[in-house]
């Protein structure tokens, strides 16, 4: 259950914390895109990825996101690793090359490429987790929804003023995640007192335990949402009215510095992608295992 | 099963910026087969204390001894926790939120079934427990969600009683109930105590403390502030604990000041006062 607290806002006062949430959201998207851009040759891609990885580690240290939390969330990924490996081993390899066979399972040839491909995917996923962790650990959920509302506000021009409604729905959903987690813990404790063991026992026993957790959770969540909507209406909430706001988002010099550097990185990678620049061509598999070049 | 707590500390969210020390070096004993009341203002560590008693929370420091079971700060050493929970059960605040099954009797039988009783035995235990809390047979096949608040609470308490623990912990069992509903539950508690169970009750209501408790523990900011009998507590200086002295106690105290020869430490209800006055006559 403690894994769910991953990426919770941590109230420090670092450079990254002080950035404008709108800016952070945009930078996150740019970084995510750069991670998933694949330059033509493997070696160049790997070097770019390693560069981004180092950058993210630097950002994590700078924003004081705990590495322990990262490792904790990664420990849930081992299942995905095995699954991806199996897929890459058993789907036909389009770049089949007899020189790249690592070993045989029976008479089935397993290529180095399978490990290569799945490793690359996992690596990119880890970087994705790092980016989102940096964002959510340094930004208050409310600020994030304001940022999303700001990005959606141009919809007004098209007579489609959903920005506020969406942002309100989102902020309520985010607001109630910790509440529901507390509620879950409370119900888990109550049912543990009645002899449910959520960590041990056979599959049927565990499912039985989950039912005893989920039904009370739903009952209270539905009851809570009705109470909340009544309370909002009682205070005269109107989604179409113009509202003032306590927190005002500001774009400062810090944002400018951060944005320009991220934009430069993104632009650089995009240029390499467009011009198919294979600035380095080393076949790592050849290097390490002495097999013939890949492409 | 007596409970002994040695130098118990508990810290929430340890090693994060949100660290909170809920219990700070608490040592106390809870007497066997008595009703013990735990009081203290919100955030004083009452709920944390009761959760460490049956191993729902692992102490940060110190130990909890319940009979032969010892809970230490090393989770790996705390085996047999489930066995312990069979002997010491908690009825949480607003226990009606733990109801989930289709019918009342099935829901109450859920606990005994988890502790290894067969379907029929569990149902038998459920019926006994329901009878104890005053829920009659016409309710057995109804859905727990269509009951009234007070009935739900009684069914939820029956769900714990059906496990037949030696020690029963109740966290504000009367919160949000009408006087009739809370009387039923308080009578039930004293009945259970008479049948040989140790009761620990967390409450803000000093009338309950005066009328029912044999032993009182006051917590303040995670530290033990008072341990003893209720009359000593009310006689002493209570200004720091946000405690409202019961009207009955104030009345007895006034009577004593006016010269009535009564033993305040033995008075718990109006009946006690009446009997003492009658004897004096």
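Side notes on the structure shown:
- Residue count for region B:30-55, restricted to those that are farther than 18 Å from residue B:198 by Cβ, part of a loop (DSSP other than H, G, I, E, B) and either touching a helix residue (DSSP H, G or I) at 6+ places or on another chain (Cβ under 9 Å) or within 14 Å of chain A (Cβ to nearest Cβ) (or both): 3
- Inter-residue pairs, beta-carbon under 6 Å, first surrounded by 12 or more Cβ atoms within 10 Å (Cβ to Cβ) and in region B:238-250, second part of a loop (DSSP other than H, G, I, E, B), 6+ apart: B:242/B:41
- Failed item, numbered, when residue B:196 is tested on (1) closer than 20 Å to residue B:84 by Cα; (2) touching a strand residue (DSSP E or B) at 6+ places or on another chain (Cβ under 6 Å): (2)
- For region B:137-169, a residue qualifies if it is part of a strand (DSSP E or B) and more than 11 Å from every other protein chain (Cβ to nearest Cβ), and exactly one does: B:167.
- Qualifying position, being over 18 Å from the mean Cα position of the chain (by Cα), assigned to a strand (DSSP E or B) and over 30 Å from residue A:68 (Cβ atoms), among B:89, B:27: B:27
- If you go through region A:28-45 and keep only what is farther than 25 Å from residue A:72 by Cβ and modelled with pLDDT of 80 or more, you end up with A:29, A:30, A:33, A:34, A:37.
- Scanning region B:173-196 for residues that are surrounded by 19 or more Cβ atoms within 10 Å (Cβ to Cβ) and assigned to a loop (DSSP other than H, G, I, E, B) returns B:173, B:174.
- Reported count of residues in region B:72-91, each being away from chain A (no Cβ under 14 Å) and surrounded by 22 or more Cβ atoms within 10 Å (Cβ to Cβ), is 0.
- Of all residues making up region B:97-106, the number that are within 9 Å of chain A (Cβ to nearest Cβ) and not in a loop (DSSP other than H, G, I, E, B): 2
- Considering residues of region B:112-136 that are surrounded by 24 or more Cβ atoms within 10 Å (Cβ to Cβ) and modelled with pLDDT of 90 or more only, the residue nearest to the other protein chains (Cβ to nearest Cβ): B:112
- Meets criteria (at negative phi and out of contact with any helix residue (DSSP H, G or I) (no Cβ under 9 Å at 6 or more places or on another chain)) for residue A:177: no
The values are calculated or read from the model by the stated rules, or taken from the named source; none is laboratory data. On a predicted model such as this, the values are computed, not experimentally measured, just so you know. Here the Cβ is made from the backbone with ideal geometry for all residues, glycine too, and neighbour counts use every protein chain on show.
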